[in-house]
Protein chains: 2
Amino acid sequence: MGEKDHSDRRLAGGGALTYATLEAIEHARGATSDPFERAALLADLCRLNTLYMIMLAGSGHIGSSFSAMDLITWLWTEELVNANSGEPGADTYFSSKGHDAPALYSLLIALGKLEFDLLHRLRRLGGLPGHPDVGTPFIAANTGSLGMGISKAYGMLRGRRQAGKAGRVVLMIGDGELQEGQIWESLQPVANERLGDIVAIVDHNKYQSDATVAAVSDLGRIDDKFRAFGWEVRRADGHDFRAIRDGFAHFASVTDRPKVLIADTIKGKGVSFMEGLSCGDQTYQFHAGAPALEHYLAAVGELTDRINRRLATRGRTALTFASAPQPVRTPPSAPERLVVAYGDELLKIAKTRPEIIVFDADLLSDCGIEAFKEQLPERFIECGIAEQHMVSAAGGMALAGLLPIVHSFASFLSTRANEQIYNNATERTKIIYAATLAGLVPGGPGHSHQSVRDISAVGSVPGLVAIEPCSEREARLAIRWAIEENASSTYLRFVSVPMDLPYALPPSYALRVGRGVLLREGRDIALVGYGPLLMANAWHAADELAPQGISAAVVNLPWLNRVDEAWLREALARFPTIVTLDNHYVALGQGVMIAAAVARAGVGADVRSIGLIDTPACGSNAEVLAHHGVDAASIAAAARSAWRRATRASA
Amino acid sequence: MGEKDHSDRRLAGGGALTYATLEAIEHARGATSDPFERAALLADLCRLNTLYMIMLAGSGHIGSSFSAMDLITWLWTEELVNANSGEPGADTYFSSKGHDAPALYSLLIALGKLEFDLLHRLRRLGGLPGHPDVGTPFIAANTGSLGMGISKAYGMLRGRRQAGKAGRVVLMIGDGELQEGQIWESLQPVANERLGDIVAIVDHNKYQSDATVAAVSDLGRIDDKFRAFGWEVRRADGHDFRAIRDGFAHFASVTDRPKVLIADTIKGKGVSFMEGLSCGDQTYQFHAGAPALEHYLAAVGELTDRINRRLATRGRTALTFASAPQPVRTPPSAPERLVVAYGDELLKIAKTRPEIIVFDADLLSDCGIEAFKEQLPERFIECGIAEQHMVSAAGGMALAGLLPIVHSFASFLSTRANEQIYNNATERTKIIYAATLAGLVPGGPGHSHQSVRDISAVGSVPGLVAIEPCSEREARLAIRWAIEENASSTYLRFVSVPMDLPYALPPSYALRVGRGVLLREGRDIALVGYGPLLMANAWHAADELAPQGISAAVVNLPWLNRVDEAWLREALARFPTIVTLDNHYVALGQGVMIAAAVARAGVGADVRSIGLIDTPACGSNAEVLAHHGVDAASIAAAARSAWRRATRASA
């Protein structure tokens, strides 16, 4: 599930990115009538285009795309019937893991099922989302958050049967994904109903986000497990097209139960130095994020050589590949990295507090706790992709008198383990939940990873105080406050994107529950929010408003579910207009609490709230922020209109 | 998980309830030095006292308590070392299913570990909660929501090891509970770490809330499943103390892996006519709720006869049992049953709309859909206790063009399947979620079942409209609106307790998004809320305020996450004081949205919000409502103080 956002990385010297055109692909596919050879050629061309898409986007999952590439190539060209056409009798295919979306996109483009121009628009607004979305043609389900696939397949198949339609549902599951409980929850009903038209493929590449599956949370005897749940199991080399064919041929003869093909694959298959050899608990380097230019160029060299060698043996001319300039991105000049600062401060505190135990769900480096694991391994617990287990285990640990600190991405921690967080709260123990990748950006991964609902999801948990720091300094203060001062539990919400920040907290600043701090003085409007994304954009909005004669203050209120009404009166009552900002849905975000507090405190300000109202779009960070109206320009425009309304009303 | 609330049932003629005093229990335990005979005697005495507690409380799980009774009796008297004492080397025991709490309470009382007087206070404020809570001595974990036990045990054990303490963690799991994915999610990490000090017992009584496990969602080969996950498995008759002893003796010899005792038990064991014979998909009658008086008296007869016969064979005199009067409860005279009305209307509509498919998670009768299953079985899908699977399956079904209607208790549906509901929403399909047992009451089951967080948990899901109807008529309107008028998804929230309602909706009333309706005219204060519980209590509060010269209007706003600002101005701007009411946490309930809308709309009213601020207490309905300040008297008092503050301010 890891997400490395390299969209801000300047690629030294720029360079040309290589892709295969539709003509080149068709030329290659026409070179042979041997289906295995044809599939091998097509898969490598798709690998080339997958790499191109990821380099252009600046992020994407190479390892997972490449391990699944041969399987999906064979499925879509030789096995599936009218896949995803919706016709009676047609098969349905989708990837439950979803992280291999670039592989499927490149294949659908190669097969003419998606417009070729989309090749240039991975993770861009209106283009191809980082994880699958049914808004894209031939994409059958929204995935990316893990473990839902078999349940969805069950519903689809029952639905198709209800409508009198035949056809199979074939889905791809990651091996790390098998750590999610929902997978096992969904196996039994499918077996009990003897749904022989459901075929799952496990892309068993032995790696997950952080390290090897065996090192993170070993799967044990997966064949036995599926069999014990009543599934027909077949094991095959997922890069051997004959073995894949034979597996499906075998499945055709079994009609009274669901089937699973456990496909032994190699993460990063197809580019020698990207292929996962056993790294144990070392991090695999090509899980997420665009590779460095030198790696990219070497990979292109390998792939194009192999493609052309294959063509040469068929007596065909070498392909000419197209190229496009590598985008040059302007990185932040001196960005603050809140998650890194958090992890550093946590480690420092933990060294003096033996009661601290860190829990992780396969997002070690994304949560800033790599050094913790290295330096305090006896107090580090890796749970794998098992958020519910992790949170309840932390609950048990807290009952034993220790202080668990639980890590994952905000979108998974706050929702997958929602009931478990509440259950822990009812035990009145103290637990710290550290949730990264919060908010709208990075915009590339798409809505499964854009956590814009977590304030609402956890904000009402009794005793749980939610905080989002706006700078490295506030991140350090926040974890220290959660450990040393807060008697109850804390939810720490972090924006993961490194950002240049135009403001600094006052030197004397300390966290006080429900009370904010003025970052920038102003007279007419208070822009109130939290976190680096909102505060930086509010600051730039204030810059824009100043020459228009509107003086906007910027107020940081890191408390996401606490508003001190006395502070509100002191700090905000003097502003005729208050604009609340949410890096979250407006519905049940911080803004609604501020607005309610304004009403309850009898502050007579005009209140306007900015934030999301629809499912987050996928795109570059700038695109997404503008699309949802939370970039500086949109904030300035909204503030200006609120100000005009207020001045008209008072005139 | 079912909850039958019979606390309002008048028991014809009253009667005497029988229990064994501590003296009687000690006399019986002293009658024999044979541990098996002693355990049998004690278990039956505890069954008697369990029945007493449940009759007094008016609800509780008999079947699950009785099937586990022999196991926990043996464990606590012969197997566990210093159980739950917290001492170094002590064992820890808890029940993951939690529904057997009355059995454990009666045992802890019999062993002198809980004060005897608590026998009279099951499900009462300050007494023994309906499901376990760590606030009670010797209760090691909060359970009742299913599937969290093994994860908690893992955390406890790792925590104890971290603190240098020895001892096992032994936990009880229900067989229906094995349908929860978290169980399987948690098995592997425990096995991978070879935690031989975790022992799980499956109380395999073959029944769950609705029917037999085999009929609801068959578990298949559970021995094989646990083995495939790396656990040591032993099977035993859970009512044969020698077999239980032998199982634990075997486990003592296995130190390199966790162990599970699959205990074959009989639901309702110990009272002939309560023992579960195979009912297939017929409902088992003694799952939840107090039995009828005649059944109770017959059960007491059986148990006391057997106890005294056993004593007689040991040459001991018969025990004298104590008795207490059966409480006489005043039932509502003409209660409205919203869930029943909902189910009836749904069935009516479904007969003309073949696209409707109903999903259930083992709460058939609690969700008003028994008749649906009976009359339209081909459009009814039973998922078992597998909310995540159910919700994602509904998502797949909706993608196939059908209209899924998904049922469970609000506390489970909104939180266990939280991410799945969101994922479905991102696919922009239409799904209806029907959530019953919402709000503070019934107060008996305790916080695992009191859903006071669901508006917050689902309220920000994009496109999802949340409604709570206030009467049978509005319940019918709501499901019809969700099916026929709403283009997107709906969350229907229902109070399950039957109530007399002092108001009626205007004859011409129709649902209009975000717009409320005046139920009672008033001048000074608007009491605004939703649902039968709040509206009835607001009405009675208004009755109380009237003679004090305060004229309170009662306004029903069934829209939990939509407020139409134009309606707000029309309907509420005339009130100097608005009191919002939430059968939910104040934080992120409807009240905060109304207060925010007041601020945004520039309505100058004084706003006060009433609702929960802490974990819900367990108790009788009246106790719980008063405790949390949402009964009529508390609402009247709060409204009066708000009114005084407003009139002072304007004076």
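Using only alpha carbon pairs under 8 Å that are at least six residues apart, calculate the relative contact order of chain A and give it in whole percent. Write out the running numbers ahead of the final one.
On the way: 1424 pairs, mean separation 84.4, N = 651.
It comes to 13 percent, rounded to a whole number.
Can you spot the aspartates and glutamates whose alpha carbon is less than 20 Å from B:Lys113's alpha carbon? Ignore those fewer than 8 places along the same chain.
Within the straight-line cut-off, B:Lys113 pairs with B:Glu23, B:Glu26, B:Asp44, B:Asp70, B:Glu78, B:Glu79, B:Glu87, B:Asp91, B:Asp100, B:Asp133.
Aspartates and glutamates near A:Lys430 by alpha-carbon distance under 12 Å, same-chain residues fewer than 8 away left out - which ones?
Excluding near neighbours in sequence, the set is A:Glu355, A:Glu484, A:Glu485.
Count the DSSP beta bridges whose two residues both fall in the stretch A:517-650, then state the antiparallel fraction as a percent rounded to the nearest 5. Don't skip to the answer; put the middle values down first.
Working: 3 of 18 bridges.
Of the beta bridges lying entirely in the stretch A:517-650, close to 15 percent run antiparallel.
With just the Cα atoms defining each centre, how far is the stretch A:586-651 from the stretch A:152-211? Give it in Å.
So the two Cα centres are separated by 42 Å.
Which shape class, rounded, prolate or oblate, goes with the stretch A:346-416 when its Cα gyration tensor gives a ≥ b ≥ c as root eigenvalues, a/c under 1.5 marks rounded, and past that a/b bigger than b/c marks prolate? Can you show the working numbers first?
On the way: a/c = 2.02, a/b = 1.23, b/c = 1.64.
Since a/c reaches 1.5 but b/c is at least a/b, the shape of the stretch A:346-416 is classed as oblate.
Using the number of other C-beta atoms within 10 angstrom as an exposure proxy, rank A:His389, B:His447, A:His204, B:His540 with the fewest first. Walk me through the numbers on the way to the answer.
Working: A:His389 36, B:His447 28, A:His204 25, B:His540 17.
Placing the least packed residue first, the sequence is B:His540, A:His204, B:His447, A:His389.
Computed FRET efficiency, Cβ-Cβ of A:Arg574 and B:Glu521, R0 45 Å: what is it to the nearest 0.05?
In this case the efficiency is close to 0.70.
Just want the ordering: A:Glu474, A:Glu521, B:Glu78, A:Glu232, from fewest to most Cβ atoms lying within 10 Å of their own Cβ. Before the final figure, lay out each step's value.
Working: A:Glu474 26, A:Glu521 10, B:Glu78 15, A:Glu232 20.
Least to most surrounded, the residues fall as A:Glu521, B:Glu78, A:Glu232, A:Glu474.
Label B:Ile613 and B:Ala16 with points 7 Å out from Cα along Cα→Cβ: what is the distance between them in nm?
For the pair B:Ile613/B:Ala16, the computed spacing is 4.8 nm.
Before rounding to the nearest 500, sum -39500 (n - 2.57) across all DSSP H runs of length at least 4 in chain B and divide by the residue total; then give [θ] at 222 nm in deg cm²/dmol.
Numbers: 22 runs with 248 residues, N = 651.
Using -39500 (n - 2.57) per qualifying helix, the result is -11500 deg cm²/dmol.
Going by alpha carbons, how many degrees (0 to 90, nearest 10) lie between the helix axis of A:241-252 and the longest principal axis of chain A?
Roughly 90 degrees between the two axes.
Once R0 is set to 51 Å, what does the formula 1/(1 + (r/R0)^6) return for the Cβ-Cβ distance between A:His250 and B:Arg309, expressed as a FRET efficiency to the nearest 0.05?
On the way: r = 62 Å, r/R0 = 1.21.
It comes to 0.25.
Provide an ascending nm list, one decimal, of label-point separations from A:Thr352 to the equivalent residue in each further copy; define each label point as 7 Å from Cα along Cα→Cβ.
7.2
Net charge near A:Arg520, counting Lys/Arg +1 and Asp/Glu -1 over other residues with Cβ under 14 Å of its Cβ? If you can, show how the numbers build up before the last one.
Numbers: positive: A:Arg523; negative: A:Glu521, A:Asp524, A:Asp543, A:Glu544.
So the surrounding residues net to -3.
Using a simple spin-label model with points 7 Å from Cα along the Cα→Cβ vector, what separation in nm is obtained for A:Ser333 and A:Glu37?
5.9
Per residue of the stretch B:622-633, in order, report the coupling 6.51 cos²θ - 1.76 cosθ + 1.60 (Karplus, θ = phi - 60°) as ³J(HN,Hα) in whole Hz, putting x for Gly and Pro.
Per-residue couplings from phi come out as 5, 4, 5, 5, 5, 4, 9, x, 10, 7, 4, 5 Hz.
Please list, in order along the stretch B:287-301, the HN-Hα scalar couplings obtained from phi with the Karplus expression 6.51 cos²θ - 1.76 cosθ + 1.60 (θ = phi - 60°), rounded to whole Hz, x for Gly and Pro.
Values, residue by residue: 5, 9, x, 6, x, 5, 4, 5, 5, 4, 5, 5, 5, 4, x Hz.
Assuming a ≥ b ≥ c are the square roots of the Cα gyration tensor eigenvalues, decide whether the protein assembly as shown counts as rounded (a/c under 1.5), prolate (otherwise, with a/b larger than b/c) or oblate.
On the way: a/c = 1.65, a/b = 1.18, b/c = 1.40.
Verdict is oblate for the protein assembly as shown.
Report the local net charge at A:Arg161: Lys and Arg +1, Asp and Glu -1, summed over other residues whose C-beta lies under 13 Å from its C-beta.
Values: positive: A:Arg158, A:Arg160, A:Lys165, A:Arg168, A:Arg194, B:Arg379; negative: A:Glu193, A:Asp197, B:Glu378.
Within the 13 Å Cβ shell, the charges total +3.
Given R₀ = 41 Å, FRET efficiency for B:Ala298-B:Leu125 by Cβ-Cβ distance, to 0.05? Numbers along the way, then the final one.
Values: r = 31 Å, r/R0 = 0.76.
About 0.85, to the nearest 0.05.
Kindly put B:Trp184, A:Trp643 in sequence by how many other C-beta atoms sit within 10 Å of each C-beta, fewest to most. Write down the numbers at each step before the final one.
Working: B:Trp184 29, A:Trp643 23.
So the residues, fewest neighbours to most, are A:Trp643, B:Trp184.
Place the label 7 angstrom along Cα→C-beta at A:Glu275 and in each other copy, then list the distances from the first to the rest in nm, shortest first.
6.4
Defining the label point at 7 Å along Cα→Cβ, can you sort the distances from B:Pro506 to the same site in each other copy, shortest first, in nm?
Here B:Pro506 shows inter-copy label distances of 5.2 nm.
Mind jotting down the distance between the C-alpha centroids of the stretch B:81-114 and the stretch B:245-322, whole Å?
A separation of 18 Å, based on Cα centres.
Checking the cross-link filter: which lysines have an alpha carbon closer than 19 Å to that of A:Lys206, excluding same-chain neighbours under 8 positions apart?
List returned: A:Lys97, A:Lys225, A:Lys267, A:Lys269.
Report relative contact order for the stretch B:524-579 in percent, whole number only (criteria: Cα-Cα under 8 Å, sequence separation at least 6). Before the final figure, lay out the partial values.
On the way: 63 pairs, mean separation 30.0, N = 56.
Contact order relative to length: 54 percent.
For the stretch B:342-358, what does the Karplus curve 6.51 cos²θ - 1.76 cosθ + 1.60, with θ = phi - 60°, yield as ³J(HN,Hα) per residue in whole Hz, taken in order and with x for Gly and Pro?
Couplings: 4, x, 5, 5, 4, 4, 4, 5, 4, 5, 9, 10, x, 7, 7, 10, 9 Hz.
Cα gyration tensor of the stretch A:17-324, axes a ≥ b ≥ c as square roots of the eigenvalues: rounded (a/c below 1.5), prolate (a/b > b/c) or oblate?
Prolate is the answer for the stretch A:17-324, as a/c is 1.5 or above and a/b outweighs b/c.
With label points built 7 Å along Cα→Cβ from the Cα atoms of B:Ala633 and B:Arg480, find their separation and express it in nm.
Label-label distance for B:Ala633 and B:Arg480, simple model: 4.0 nm.
Near A:Ile72, within a Cβ-to-Cβ distance under 12 Å, what is the net charge of the other residues, with Lys and Arg +1 and Asp and Glu -1?
Working: positive: A:Arg47, A:Lys97; negative: A:Asp70, A:Glu78, A:Glu79, A:Asp100, A:Asp203.
Its environment carries a net charge of -3.
What is the antiparallel percent of DSSP beta bridges lying wholly in the protein assembly as shown, to the nearest 5? Write out the running numbers ahead of the final one.
Details: 20 of 138 bridges.
Expressed as a percentage, antiparallel bridges in the protein assembly as shown total about 15.
Readers should treat all values here as calculations from the given coordinates under stated rules, not as data from a laboratory. The model shown is predicted, which means the values in this text are computed figures rather than measured ones. Using ideal geometry, Cβ is built from the backbone for each residue, glycine included, and neighbour counts are taken over all protein chains shown.
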